[in-house]
Amino acid sequence: MFLNARLYTAGQDTSVPGALAVRDGRILAVGSESEVRAAVGADAEVVDVAGGLLLPGFQDAHVHPVLAGINMIRCDLHGSESAQECLDRIAAYAASHPEAPWILGAGWSMEFFPGGTPTRQALDAVVPDRPVYLTNRDGHGAWANSAALRAAGIDAETVDPVDGRIEREADGHPSGALHEGAMSLVIPHTPPATPAEAYQGLLAAQAYLFSLGITAWQDAAVGEVFGFPDLLDAYREAAEAGDLKARVVGALWWDRETGIEQVDEHVARRASGKAGRFRPIVVKIMQDGVAENFTAAMTEPYLDGCGCATDNAGLSFVDPEALGTYVARLDAEGFSVHFHALGDRAVREALDAVASARAANGPSENRHHLAHLQVVHPDDVARFAELGAAANMQPLWACHEPQMDELTIPFLGDRRAAWQYPFKALADAGAHLVAGSDWSVSSADPLDGIHVAVNRSFPGSTAPAFFPENALTLAQALTAYTAGSAYVNHQEDVTGHLAPGFHADLVVLDRDPFAAPAEEIASASVARTYVGGELVYSADTARNHHQ
């Protein structure tokens, strides 16, 4: 029994006092303390929530935990606060791993470098003797030293791939920054992560996500992606061994170099990959890049540094007409499609593809959803609800921070800047809101994301709210992170709600955010996390362990 609790579940406007009982991994009863006590025996274990908030476990609808876990055990630059700190970490890692043929890792931020582009010379100064290849925080660019560029055969004569760009010096020589598809010129030359690293990374990531109250997620890139091994194997093996305790949906990676012939392969992978708490029932299509390197697909061109229009409106990685054909076929095969759609043209192309599927196949139970939604044209806001396409938000990004203020807004212009992350407009238009983090691109902490969704500013920031007219209520944000994400994970009938018969996937917060000002949401922390009634994280245990 959970007593002395405040309870929150989808459909409520605020928290309510109450109690909850669990038996055999399922919620047995929800109500007043007397009602719950009447439903259980006298020997029930009692958890005193002490006025904290008890709610369904958070579900991250767009996350890369295995890739994050692997990078946690490589040269990890996440959390660095400057270019110099990145270089210091790289030098220290290289010194402590003299046997590594390449220095691999991730996590640097574009705002650390002029124009968002670091140089090979800076890396050469700290690691002159071995190739270095480090993806940035958002995974859409990489930093390579001269040895890595030589190993990949990239020089002044190398032509940019159609889906990416090589940053260059005045004489045409590669400068060390690689955008989008240009990364694939180096990746085949790097030592691949081993299956053992993938398994170790998965378990490290799972433990971390449990500490944040996350009990289920959708892995947004299951396949041979970005130089990592096929994550399907790691998930299946962990699920079969019982090591995977979270409930996970895998989004099978769509190879944009091939076409509709891969659908049959995805059907086979869906059948072979299901095991335990893992279900690879979604296909992920990456339709465009990111705004900071001008590869997000826009309906109008980017501006230059002087505010004038350029001739670059970003990249559509999949031909829009073909996209509709692919999505209709996937829909007919029973797949939900998870789109990376960041620019307003990519959002429109993805919605058009969903419309093609609906026209070809009629209504279905598939849960198509568009992730990121940085720029949404006002004409397309209402289409989400009309088409039954869910809006998969990464709320943490909807705030003023250097990458936004220095590398994005000046190149979008004021009109389009106001179209960014229109969460409330989507909710008001009836869209189904879903939430995720894109970790390790950014923090996996749902409380940070919820804080920004409500305040439109980062915890502790003194910057003004970011287009506050699109702020959500606390109830809307919590619902998106619980019942909302459960919907796209095809688990809304058994998770995401506090209701009898549902899995006892629960998170206990140390306080009730509804009882404090919105500016204090991120001050809450996770006290306990349960999956199927099993305690998988306790802050008390973690504290004692660290002591």
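The values are calculated or read from the model by the stated rules, or taken from the named source; none is laboratory data. Predicted model, so just to flag it, every value in this text is computed and none were measured. Glycine gets a Cβ as well: all are built from the backbone with ideal geometry, and neighbour counts include every protein chain shown.
Taking residues in the range 474-497 that are touching a residue at least 40 places away in the same chain (Cβ under 8 Å), and partners anywhere that are surrounded by fewer than 20 Cβ atoms within 10 Å (Cβ to Cβ) and not hydrophobic (A, V, I, L, M, F, W, C), the pairs with Cβ atoms closer than 7 Å and at least 6 places apart or on different chains are A475/Q12; A475/D13; A475/T14; A483/E492; A486/E492. Within the range 128-151, the set of residues being crowded, with 22+ Cβ neighbours inside 10 Å and more than 30 Å from L396 (Cβ to Cβ) comprises P131, N145, A148, L149. The single condition among (1) out of contact with any Gly (no Cβ under 7 Å at 6 or more places or on another chain); (2) part of a helix (DSSP H, G or I) that E292 does not satisfy is (1).
For the range 314-326, filtered to residues that are in a loop (DSSP other than H, G, I, E, B) and not small (G, A, S), the residue that is surrounded by the fewest Cβ atoms within 10 Å (Cβ to Cβ) is D319. Which of the residues that make up the range 474-499 are in contact with a helix residue (DSSP H, G or I) (Cβ under 7 Å, 6 or more places away or on another chain) and among the β-branched types (V, I, T)? If the condition is that a residue be in contact with a helix residue (DSSP H, G or I) (Cβ under 7 Å, 6 or more places away or on another chain) and among the β-branched types (V, I, T), then T495 is the only one that fits. D379 - would you say it is touching a helix residue (DSSP H, G or I) at 6+ places or on another chain (Cβ under 7 Å) and either surrounded by fewer than 17 Cβ atoms within 10 Å (Cβ to Cβ) or among the acidic types (D, E) (or both)? Judged against the criteria, D379 is not a match.
Residue pairs whose Cβ atoms lie under 9 Å apart, sitting 6 or more positions apart in sequence or on different chains, and linking a residue in the range 10-35 that is under 18 Å from L478 (Cα atoms) and in contact (Cβ under 8 Å) with a residue 40 or more places away in the chain to a partner that is outside any strand (DSSP E or B) and of a type in the set (D, E), are S15/D512. Does A106 satisfy being of a type in the set (A, V, I, L, M), buried (at least 19 other Cβ atoms within 10 Å of the Cβ), within 17 Å of I187 (Cβ to Cβ) and touching a residue at least 24 places away in the same chain (Cβ under 8 Å)? For A106, the condition - of a type in the set (A, V, I, L, M), buried (at least 19 other Cβ atoms within 10 Å of the Cβ), within 17 Å of I187 (Cβ to Cβ) and touching a residue at least 24 places away in the same chain (Cβ under 8 Å) - is met. When only residues in the range 6-22 that are of a type in the set (S, T, Y) and closer than 13 Å to L506 by Cα count, which is surrounded by the fewest Cβ atoms within 10 Å (Cβ to Cβ)? Top of the filtered list is T9. In the range 316-337, the residues that are within 25 Å of Y487 (Cβ to Cβ) reach residues that are crowded, with 23+ Cβ neighbours inside 10 Å and of a type in the set (G, A, S) with C-beta atoms within less than 7 angstrom, at least six apart or across chains, in these pairs: L323/A353; G324/A353; V327/A353; V327/A357; A328/A357; D331/A357. Condition first: more than 20 Å from D219 (Cβ to Cβ) and either under 17 Å from the mean Cα position of the chain (by Cα) or modelled with pLDDT of 95 or more (or both). Can you find one or more residues in the range 440-447 that meet it? Checked the range 440-447: at least one residue is more than 20 Å from D219 (Cβ to Cβ) and either under 17 Å from the mean Cα position of the chain (by Cα) or modelled with pLDDT of 95 or more (or both).
One residue stands out in the range 23-56 among those that are part of a strand (DSSP E or B) and among the small types (G, A, S): the one that is surrounded by the fewest Cβ atoms within 10 Å (Cβ to Cβ), namely G31. Being over 17 Å from E406 (Cα atoms) and assigned to a loop (DSSP other than H, G, I, E, B) is the filter here; which residues of the range 295-311 pass it? If the condition is that a residue be over 17 Å from E406 (Cα atoms) and assigned to a loop (DSSP other than H, G, I, E, B), then A297, M298, T299, E300, P301, T310, D311 are the ones that fit. Note on the range 70-109: residues that are modelled with pLDDT under 90 and either part of a helix (DSSP H, G or I) or touching a Pro at 6+ places or on another chain (Cβ under 8 Å) (or both) total 3. Looking only at the range 426-460, residues that are without any contact (Cβ under 8 Å) to a residue 60 or more places away in the chain and either of a type in the set (V, I, T) or within 15 Å of I214 (Cα to Cα) (or both) come to 3 in all.
Please go through the range 327-346 and give me each residue that is assigned to a helix (DSSP H, G or I) and under 24 Å from H64 (Cα atoms), ordered by number. Spell out how you get there, then give the answer.
As a first pass, look at the range 327-346 and keep what is assigned to a helix (DSSP H, G or I): 327-332, 344-346.
Once the filter is applied, which keeps residues that are assigned to a helix (DSSP H, G or I) and under 24 Å from H64 (Cα atoms), the range 327-346 yields V327, L330, D331, D344, A346.
Does V494 satisfy being surrounded by fewer than 23 Cβ atoms within 10 Å (Cβ to Cβ), under 19 Å from A205 (Cβ atoms) and in contact with a Phe, Trp or Tyr (Cβ under 7 Å, 6 or more places away or on another chain)? No.
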